[in-house]
Amino acid sequence: MNAETGKYIMITGVLILVIGAVIYFFHDKLHWIGRLPGDIRVERENFRFYFPITTMILLGLLASLVIRIFRKY
């Protein structure tokens, strides 16, 4: 390991902390996450299937944007 690895680990930790704080303080305003159009939800009497495809696409795009910004600076 080198100093660059330590820097990435610290940045990841800060991002996790910020995401956790946002979820903790704004959980009542984030109820739309996972209920977007395109998310697949099947609920039956004894069966539940949930596949949040639209949510995962948006989170993937957001993660790509964040990674691109960090690599630029």
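The values are calculated or read from the model by the stated rules, or taken from the named source; none is laboratory data. In this text, all values refer to a predicted model and were calculated from it rather than measured experimentally. Because the Cβ atoms are built from the backbone with ideal geometry, glycine has one as well, and the counts that use them run over all protein chains shown.
Worth pointing out:
- The stretch 23-59 - residue that is in a helix (DSSP H, G or I) and of a type in the set (A, V, I, L, M, F, W, C) and, of those, nearest to PHE70 (Cα to Cα): LEU59
- Filtered residues of the stretch 16-34 (kept if of a type outside the set (Val, Ile, Thr) and without any contact (Cβ under 8 Å) to a residue 12 or more places away in the chain): LEU17, GLY20, ALA21, TYR24, PHE25, PHE26, HIS27, ASP28, LYS29, LEU30, HIS31, TRP32
- Test: residue in the stretch 11-22 that is modelled with pLDDT of 95 or more, surrounded by 10 or more Cβ atoms within 10 Å (Cβ to Cβ), assigned to a helix (DSSP H, G or I) and not small (Gly, Ala, Ser): yes
This table checks each residue for (1) of a type in the set (A, V, I, L, M, F, W, C); (2) modelled with pLDDT under 90; (3) under 30 Å from LYS7 (Cβ atoms).
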position: TRP32; (1), (2), (3): yes, yes, no
position: GLU43; (1), (2), (3): no, no, no
position: PHE47; (1), (2), (3): yes, no, no
position: GLY60; (1), (2), (3): no, no, yes
position: VAL66; (1), (2), (3): yes, yes, yes
position: TYR73; (1), (2), (3): no, yes, yes
